[in-house]
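A.B. asks: Below you'll find the structure I mean.
The values are calculated or read from the model by the stated rules, or taken from the named source; none is laboratory data. It should be emphasised that the depicted structure is a prediction, and the values quoted were computed from it without experimental measurement. Heads up, the Cβs are rebuilt from the backbone with ideal geometry, glycines too, and the neighbour counts pull from every protein chain shown.
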Amino acid sequence: MKLLRMKPGHGEILVAEGDVDVQEEERRLIEAFRRELDAGMWAAVPTERRDGRREAELVKSFGEVPRDAERVIFFPRAAGGASRADR
Amino acid sequence: MLLALGTAAIVLAVLLWELARSRALRLLRAAGTQLQTALERARSRESAPLGYDPGRERRAEQRARELLRSCVEERDWAMYRDLGFMRVWGGLGGRAHGTDASYAYLIYPHRPIVAYVPQTGALLNEYCVAFPDHSRPYGSARLPDSDDVLAKWMALVADERHLIEQANMHLPGRQVDPERVKRDLARLTRWEREGGIGATDILRAA
């Protein structure tokens, strides 16, 4: 599983990568996941349904991430309006 | 005599105004849009961070495009690639798709999400929402364009109600020119009629 984070001026960066079935690697993934959420990120898991339709799922804890998910994408949480300061 | 002439002049002026009003309003709106665009350009020049590197931004956008492409359906990706925006069907009140959906959204990079009625093209609302990264790694809080589109897409598809609640809702025309949206909807219709196959696909197929 890869934890990716969108980043201004860079595109996505790899935050962490590991096998959820390996205890030590899962622990590292959980820590990285928490760090991103604490930094104010939202986490989404891109998914594909059986009929081929692509969707996404927002998750609030590592426990909500499907075990077979390949990627979790972190992005800044939504804020109403695009203020000039954000540009 | 003077009274009659005065009244006739007023009636004539009102009639002329009625005839010219729609054209005058269109011209005013177009001038307003041009002014707004010019101001936005000037602002972005003023607010460009000192460490701004066009090459880095281009590479960031390229990465973001690849990520977007890997997450959405091929057709949605082609729509964004060819038209510069993406349509998402509205899901509140029934997860209907295509022409059965009661409303849909247009996602533009770094622009409000525009809600409209697919059957009529009537514009409903603008939802102003941003994903500012306050850590500002290179001096700017702004994600690459395609990351912004992907963030909106994921948030809409995953939890439409929540995203809409986070957004500032406005009537159409506040930030996105309604005429532009109408042109985009016409382009989308044409694009779909042609099978949504862009030049790149044709080249690839050949």
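A.B. asks: Restricting the search to the stretch B:158-176, which residues are part of a loop (DSSP other than H, G, I, E, B), more than 7 Å from chain A (Cβ to nearest Cβ) and buried (at least 18 other Cβ atoms within 10 Å of the Cβ)?
C.D. replies: Within the stretch B:158-176, B:PRO172, B:VAL176 meet the criteria.
A.B. asks: What is the number of the single condition among (1) touching a residue at least 24 places away in the same chain (Cβ under 8 Å); (2) in a loop (DSSP other than H, G, I, E, B); (3) of a type outside the set (Phe, Trp, Tyr) that B:HIS134 does not meet?
C.D. replies: Result: B:HIS134 passes all but (1).
A.B. asks: Any residue at all in the stretch A:30-44 that's in contact with an Asp or Glu (Cβ under 8 Å, 6 or more places away or on another chain) and closer than 21 Å to B:LEU150 by Cα?
C.D. replies: Checking the stretch A:30-44: at least one residue is in contact with an Asp or Glu (Cβ under 8 Å, 6 or more places away or on another chain) and closer than 21 Å to B:LEU150 by Cα.
A.B. asks: Is at least one residue of the stretch A:20-40 within 14 Å of another protein chain (Cβ to nearest Cβ), surrounded by fewer than 20 Cβ atoms within 10 Å (Cβ to Cβ) and small (Gly, Ala, Ser)?
C.D. replies: Scanning the stretch A:20-40 turns up at least one residue that is within 14 Å of another protein chain (Cβ to nearest Cβ), surrounded by fewer than 20 Cβ atoms within 10 Å (Cβ to Cβ) and small (Gly, Ala, Ser).
A.B. asks: Identify, from the list B:ALA122, B:ALA155, B:ALA104, the residue that is within 12 Å of chain A (Cβ to nearest Cβ), in contact with a strand residue (DSSP E or B) (Cβ under 8 Å, 6 or more places away or on another chain) and hydrophobic (A, V, I, L, M, F, W, C).
C.D. replies: Selected residue: B:ALA155, the only one of B:ALA122, B:ALA155, B:ALA104 that is within 12 Å of chain A (Cβ to nearest Cβ), in contact with a strand residue (DSSP E or B) (Cβ under 8 Å, 6 or more places away or on another chain) and hydrophobic (A, V, I, L, M, F, W, C).
A.B. asks: Return yes when B:THR99 is more than 14 Å from the chain's Cα centre (by Cα), at pLDDT 85 or above, of a type in the set (Val, Ile, Thr) and surrounded by fewer than 18 Cβ atoms within 10 Å (Cβ to Cβ) and no when it is not.
C.D. replies: Criteria not met by B:THR99.
A.B. asks: Let me ask something additional. Is the stretch B:140-150 home to any residue that is assigned to a helix (DSSP H, G or I), among the small types (Gly, Ala, Ser) and facing chain A (nearest Cβ under 9 Å)?
C.D. replies: Among the residues of the stretch B:140-150, at least one is assigned to a helix (DSSP H, G or I), among the small types (Gly, Ala, Ser) and facing chain A (nearest Cβ under 9 Å), which makes the answer yes.
A.B. asks: Being part of a loop (DSSP other than H, G, I, E, B) and at pLDDT below 95 is the filter here, so list the residues in the stretch B:43-72 that pass it.
C.D. replies: Those that are part of a loop (DSSP other than H, G, I, E, B) and at pLDDT below 95: B:ALA48, B:PRO49, B:LEU50, B:GLY51, B:TYR52, B:ASP53.
A.B. asks: Under 8 Å between Cβ atoms, which residue pairs at least 6 apart in sequence (or on different chains) link something in the stretch B:61-78 that is within 7 Å of chain A (Cβ to nearest Cβ) with a partner that is exposed (fewer than 14 other Cβ atoms within 10 Å of the Cβ)?
C.D. replies: B:GLU73/A:GLY52; B:GLU73/A:ARG53
A.B. asks: Scanning for something among the charged types (D, E, K, R) and away from chain B (no Cβ under 12 Å), does the stretch A:42-56 turn up at least one residue?
C.D. replies: Yes: one or more hits.
A.B. asks: Still on this model: Among (1) under 15 Å from the mean Cα position of the chain (by Cα); (2) under 20 Å from A:LEU37 (Cα atoms), there is one condition B:HIS134 misses while meeting the rest; what is its number?
C.D. replies: Failed condition: (1).
A.B. asks: A further question on this structure: If we only count strands (runs of 3 or more DSSP E) wholly inside chain A, which ones have 2 or more residues that are of a type in the set (D, E, K, R)?
C.D. replies: Counting at least 2 such residues, we get A:2-7, A:11-17, A:54-59.
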